[in-house]
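**Q** What follows is a single structure, and I will ask about it in a moment.
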Amino acid sequence: MRFLQLPIIKIVTNHLIDYPTPVNISYFWGFGSIAGIFLVVQLITGIFLAMHYTPHVDLAFLSVEHISRDVVNGWFIRYCHSNGASMFFLAVYVHIFRGLYYGSYRGNRAFAWIVGVVIFILMMATAFMGYVLPWGQMSLWAATVITSLFSAIPWIGETIVFWLWGGFSVDNATLNRFFSLHFLLPFVLVGAVILHLAALHLKGSNNPLGLTTVEKVSFYPYFWQKDLFGWVSYFILFFIFVFFFSNTLGHSDNYVEANALVTPAHIVPEWYFLPLYAVLRSVPDKLGGVCLMFAAILVLLFVPFLNLSPVRCFHFLPFQQFFFWLLLVDWLILGWIGACAPEPPFLLVGQVATIYYFLYFFLVLPFVGLFEQFFFSFEKVA
């Protein structure tokens, strides 16, 4: 019994066994734990890859090929890492949209939401730097295009770009810096995830009805089977990509060694950056596009303060439901536009989708809920 009083055992017991869980949560509540599991997958596979990777412009591409061809099970570790990043982002996107729909950012959960957005930003920075490491054509040119965007910042832009590059172009110093930061940031990410979980478990999980008085039961033995089913199903999808569609989520140009003298026909980032890339290209001005792209991310930090409706969940607000699903479709359209060439009519579609994205957060979210609450309460009184 003295063993059960150890601090580490008490932490596990409080947060994984006796944790009070609303009785009506659905499978969508399991995507947070799925994202945590894939963070661990990325850490483990990344450490093994770092043992064989050489961060030098003359050797990086060859070292990646060496991992795939010569290292025992190296191909498996590499594809788990590359496809694991996509699975990680997919789980986080579902987690974010679920939080938006069910109002998981409301009230005393605002801090947990803000920490979650910080985690999302750290993920994007880590993933971008990791995309550069294979040193293929798309790695080099994506790094060149994205880092060059900082030059649009007045007064300090050129200094930031020079610091990122470590010189006058994307070269060996850039690759070394990105490798170091790509190895470091996941551990910062772990710290942010622990803070996110602490903030979440301090106030308790939300539920589909958005009620504070809903009945709760301990996570174990009532809910672990539901999470386990979600984990197994998600890993089946993950291993389908690893074993049968290993390169589907990547870009074929990255299997060509980086060449600064040959520009790819169409430079695109990974699929999980495509909506933001479409927002960036929707403004013809370079500085305006950069500001709008960062605003598209940072607006999520203010969501807890933008929703003025007294009703937490969109399930009871049909107008908000409609606009939310329109936002989801809008995000998918932005992803499609980000993969298309920057030419008409794709630019126009991207601009319209970008306008709706910001209108949703600054107009629909604050005021439609208030109008809907007044409308239905007035109808009830009448």
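The values are calculated or read from the model by the stated rules, or taken from the named source; none is laboratory data. Everything quoted here is computed from the prediction, not taken from an experiment. Positions of Cβ are backbone-derived with ideal geometry, glycine not excepted, and every protein chain shown enters the neighbour counts.
**Q** Pairs needed: first member in region 41-64, over 16 Å from Phe88 (Cβ atoms); second member anywhere, of a type in the set (D, E, K, R); C-beta distance under 7 Å; at least 6 residues apart or different chains.
**A** Qualifying pairs under 7 Å: Val57/Asp171; Phe61/Glu257.
**Q** In region 230-255, which residues are polar (S, T, N, Q) and either crowded, with 18+ Cβ neighbours inside 10 Å or not assigned by TED's automatic domain parsing to the domain that holds Phe31 (or both)?
**A** Here is the first cut: in region 230-255, the ones polar (S, T, N, Q) are 233, 246-248, 252, 254.
Scanning region 230-255 gives a single hit, Asn254.
**Q** Go through the residues of region 113-124 one by one and say whether even a single one is touching a Phe, Trp or Tyr at 6+ places or on another chain (Cβ under 8 Å) and closer than 27 Å to Asn254 by Cβ.
**A** yes
To keep it simple, each residue is scored yes or no on (1) at pLDDT 90 or above; (2) within 26 Å of Ile119 (Cα to Cα); (3) in contact with a strand residue (DSSP E or B) (Cβ under 6 Å, 6 or more places away or on another chain).
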{"site": "Arg2", "(1), (2), (3)": "no, no, no"}
{"site": "Leu16", "(1), (2), (3)": "no, yes, no"}
{"site": "Tyr19", "(1), (2), (3)": "no, yes, no"}
{"site": "Phe31", "(1), (2), (3)": "yes, yes, no"}
{"site": "Ile37", "(1), (2), (3)": "yes, yes, no"}
{"site": "Ile47", "(1), (2), (3)": "yes, yes, no"}
{"site": "Val57", "(1), (2), (3)": "yes, no, no"}
{"site": "Phe61", "(1), (2), (3)": "yes, no, yes"}
{"site": "Ala85", "(1), (2), (3)": "yes, yes, no"}
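**Q** Looking at (1) exposed (fewer than 14 other Cβ atoms within 10 Å of the Cβ); (2) closer than 26 Å to Asp58 by Cα, which is the only condition Leu181 fails?
**A** In the conditions (1) exposed (fewer than 14 other Cβ atoms within 10 Å of the Cβ); (2) closer than 26 Å to Asp58 by Cα, Leu181 misses (1) alone.
**Q** Just give me the residues in region 243-273 being assigned to a loop (DSSP other than H, G, I, E, B), of a type in the set (Gly, Ala, Ser) and farther than 16 Å from Trp336 by Cα, in sequence order.
**A** Passing the criteria: Ser246, Ala258, Ala260, Ala265.
**Q** Taking the residues in region 87-114 that are assigned to a helix (DSSP H, G or I) and among the hydroxyl-bearing types (Ser, Thr, Tyr) as candidates, determine which candidate is surrounded by the fewest Cβ atoms within 10 Å (Cβ to Cβ).
**A** Looking at the filtered set, the residue picked out is Tyr93.
**Q** When residues of region 135-169 are filtered for being assigned to a loop (DSSP other than H, G, I, E, B), over 20 Å from Glu65 (Cα atoms) and in contact (Cβ under 8 Å) with a residue 40 or more places away in the chain, how many remain?
**A** Counting residues in region 135-169 that are assigned to a loop (DSSP other than H, G, I, E, B), over 20 Å from Glu65 (Cα atoms) and in contact (Cβ under 8 Å) with a residue 40 or more places away in the chain gives 3.
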